[in-house]
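First the structure, in the form of structure tokens, and then the observations on it.
The values are calculated or read from the model by the stated rules, or taken from the named source; none is laboratory data. Since this is a predicted model, take the numbers as computed values, not measurements. Counting neighbours? That spans all protein chains shown, and the Cβs are built from the backbone with ideal geometry, glycine included. For the accessible areas, the whole protein counts, side chains as well, though only heavy atoms, and no ligand, DNA or RNA atoms are used. Shrake-Rupley method; radii C 1.70, N 1.55, O 1.52, S 1.80 Å.
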Amino acid sequence: MTEKQYVTIDGIPVEINGEKNLLELINKTGVKMPTFCYHSELSVYGACRMCMVEDERGGLSAACSTPPRAGMKIQTNTERLRRYRKNILELLLANHCRDCTTCQNNTKCKLQDLAMRFNIEGVRFPNTAKSNAEEDSSSVCISRDAGKCILCGDCVRMCNEIQNVGAIDFAYRGSNMVISTAFGKPLAESPCVGCGQCVAVCPTGAIVVKNNISPVWKAISDPDVRTSVQIAPAVRVALGRELGVKDGEDVMGKIVAALHRMGFDEIYDTSLGADLTVLEESAEFMERLSSGENLPLITSCCPGWIQYCEKKHPELLPNISTCRSPMQMMASILKDQAKEKGEKTFHVAVMPCTAKKFEAARDEFKVDGAPNVDVVITTQELVTMIKEAGLMFDALEPEAVDMPFGTISGAGVIFGVTGGVTEAVLRHVIANKSRADIMMVANCGQRGDEGIKEFDITAGESKLRLVVVSGLSNAEKVLQRIKNGEKIDFVEVMACPGGCVNGGGQPFAVRQDKEERSKGLYKSDRLLSIRRAEQNPILKTLYDDIIRGREHELLHVHYGKHNQ
Ligand code: SF4
Ligand code: SF4
Ligand code: SF4
């Protein structure tokens with residue numbers, strides 16, 4: 001039996017149990033260590049120095065980069081440490097703009113939060129914030145403001161380590177140091193894929209989601225315009241976080257009630273678009289299996305992934321499914337119907353995703369020059385609108401989405417989590433479809449938050465290899481295997497680690513809460529009486545009345561090389 005080992009933290013012995021660093025061990029004791037640059041999923045940078053601890057000899061070390069050693073005695077909150085942290089905060093504030101009240105991150109900013117926690121009442125140093133720092137708003141997905149950057153490097157490590165994109169990095173040295181794209185180009189001309197994962201880790205308002213709320217209010221207020229809105233699956237289990245409901249609780253009914261109260265004329269669930277995707281993508285997969293062409297089939301729901309493929313691996317574009325994303329399938333049908341009726345419409349999509357803003361603006365999804373989705377707002381933007389409208393979210397009675405597109409299946413709902421598209425397709429293509437068979441499919445290997453999951457299934461005489469991947473660094477590893485000739489038949493790719501539940505437009509969450517979101521979607525799926533896409537009765541009507549013969553026009557797309 002190995003002997004237990006302890007570190008004494010603030011006089012309390014704490015057992016070491018595989019923690020990588022002191023910071024993780026301290027957090028176990030109920031002390032929340034201040035830090036700007038530590039994220040458990042990123043490499044340790046140790047730059048902000050806020051998590052310093054003091055040992056019994058008066059030595060200082062950064063808790064994030066110090067491994068726990070048996071017998072260590074450390075203090076986390078001494079007079080010297082408090083002074084040290086206040087100094088760091090004052091220096092950061094001195095180099096920071098003072099736009100808190102109008103900043104998109106007001107009340108969500110870590111700098112603001114720690115300045116309050118450490119009781120900073122004034123800044124003794126002159127303000128040296130980059131006065132002429134230009135905001136880079138060239139991307140349709142995110143905006144950058146160097147005047148609010150504290151150079152913690154979180155965005156750089158996220159973009160490079162987790163997403164393998166490398167759109168941004170440190171440039172220059174000393175007091176001239178900034179976060180920049182290569183050669184200082186606008187973000188829109190960089191390799192950025194718009195995933196918004198840098199926004200999710202930025203502790204200040206230096207990188208934020210592009211705000212598109214105003215045109216939505218304007219359309220709602222216009223009596224001549226009929227407004228419709230669709231809500232993506234992942235939104236329902238994350239939006240509540242900022243409105244007093246815990247992560248993972250399905251608040252779809254309350255979201256619908258809120259949108260009705262705001263004045264939307266028609267409210268739909270993108271899960272119906274996902275049901276259509278299941279049917280179309282399954283048929284495409286079967287066709288490719290029988291022809292043997294363009295295998296593996298790679299999913300096409302995620303616009304961050306599509307841009308990554310376009311920019312880094314255009315030779316693999318023929319492998320990407322020609323199916324439009326659920327958002328675009330839904331939108332093309334809604335816009336088509338509005339055109340039939342001669343209505344002037346404005347269609348909004350509420351998405352967990354920053355990259356969807358780019359997808360909505362793509363030429364491929366315009367009809368006569370007008371986009372099918374007029375505006376994409378993220379979950380966070382919808383939270384802002386709910387607050388702005390003064391709606392007491394807690395008090396809203398849940399309401400159902402509108403007909404004629406109001407029926408969904410559980411297969412569509414699980415599109416919001418990594419592995420969900422694969423599971424939905426499997427539910428559709430398996431020969432036996434009893435309740436027990438559906439439960440068996442859940443155990444194939446596609447569930448869970450690992451970045452790469454792979455498994456085989458038997459189809460007739462052949463064995464098929466399926467791979468589910470989330471996070472673009474993980475996608476890159478699988479793409480290299482495909483390029484090296486490995487036999488893989490189906491690949492699901494989601495750019496955001498864990499899938500859309502952790503999209504760049506969702507309220508920020510820690511790991512455990514992110515897991516609750518996935519569990520929440522699986523629970524919503526279990527509670528639905530329709531679990532397979534083809535059981536959704538609306539699909540038959542849609543195919544009979546609108547789609548048949550126009551599948552390519554309404555539901556498919558061919559991506560080419562395209563810059564943001
Ligand atoms: S949006 Fe994604 S790709 Fe673009 S800079 Fe941020 S992390 Fe990198
Ligand atoms: S933009 Fe945000 S995440 Fe990136 S270095 Fe600046 S403060 Fe840190
Ligand atoms: S995983 Fe989802 S949220 Fe993230 S970029 Fe792709 S579609 Fe958007």
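Side notes on the structure shown:
- For the chain, the relative contact order is 15 percent, taking Cα pairs closer than 8 Å that sit 6 or more residues apart in sequence and dividing their mean separation by the residue count.
- Net charge dipole size for region 143-233 [Lys, Arg +1 and Asp, Glu -1 on Cβ; Debye, nearest 20]: 100 debye
- In degrees, nearest ten, helix 271-291 long axis to first principal axis of the chain (Cα): 70 degrees
- Order by protection proxy (mean Cβ within 10 Å, highest first), peptides 291-300, 266-275, 456-465, 339-348: 266-275, 291-300, 339-348, 456-465
- Selection from N119, A129, P34, by position along the positive dipole direction of region 1-129 (Cβ): A129
- Distance between modelled label sites at T128 and Y6, nm, 7 Å Cα→Cβ extension: 4.5 nm
- Nearest-0.05 FRET efficiency for T107 and R82, computed from C-beta distance (R0 35 Å): 0.90
- Averaging Cα coordinates gives a centre for region 536-553 and one for region 313-378; these two points are 17 Å apart.
- On a per residue basis, the chain carries 43 Å² of accessible surface, using protein heavy atoms and a 1.4 Å probe.
- For region 6-77, the relative contact order comes to 42 percent (Cα pairs under 8 Å, sequence separation of at least 6).
- Gain upon complete extension [R465, D222; 0.36 nm per residue less C-alpha separation]: 82.3 nm
- Spin-label model, E293/A400: points 7 Å from Cα along the beta carbon direction are separated by 4.4 nm.
- Given charges at beta-carbon only (K, R positive; D, E negative), |dipole| of the chain in Debye: 1600 debye
- Sorted on the mean count of surrounding Cβ atoms within 10 Å across their residues, most packed first, peptides 517-526, 3-12, 280-289 read 517-526, 280-289, 3-12.
- Accessible carbon and sulfur surface of region 214-555 relative to its total accessible area, %, 1.4 Å: 51 percent
- Legend: residue pairs K477/K523; K32/K356; K254/K344; K341/K540, Cα-Cα distance threshold 25 Å; pairs beyond threshold, K477/K523; K32/K356; K254/K344.
- Angle between the chain longest axis and helix 79-94 axis [Cα atoms, degrees, rounded to 10]: 60 degrees
- Put the Cα centre of region 454-481 next to the Cα centre of region 87-143 and the gap is 44 Å.
- Cα lying deepest toward the dipole's positive end in the chain, options P215, C149, S518, charges on Cβ: C149
- Between K344 and D55, the FRET efficiency from the beta-carbon distance, with R0 = 51 Å, is close to 0.15.
- All C-alpha pair distances within region 96-209, sorted into 10 Å bins from zero, spread as 13, 47, 31, 8, 0 percent across the bins.
- A simple spin-label model places pseudo-atoms 7 Å from Cα toward Cβ; at N211 and K487 they are separated by 5.5 nm.
- Alpha-carbon Rg/Rh ratio, for the chain, with Rh computed the Kirkwood way: 0.99
- C-alpha long axis of helix 379-388 to longest principal axis of the chain, angle in °: 80 degrees
- Using the Cβ-Cβ distance between Y172 and F455 with R0 set to 45 Å, the FRET efficiency works out to roughly 0.40.
- Of V348, P233, G184, farthest towards positive along the dipole that unit charges on Lys, Arg, Asp, Glu beta carbons give the chain: G184
- Contact order, relative form, for region 249-403: 33 percent (alpha carbon pairs under 8 Å, 6 or more residues apart, mean separation divided by residue count).
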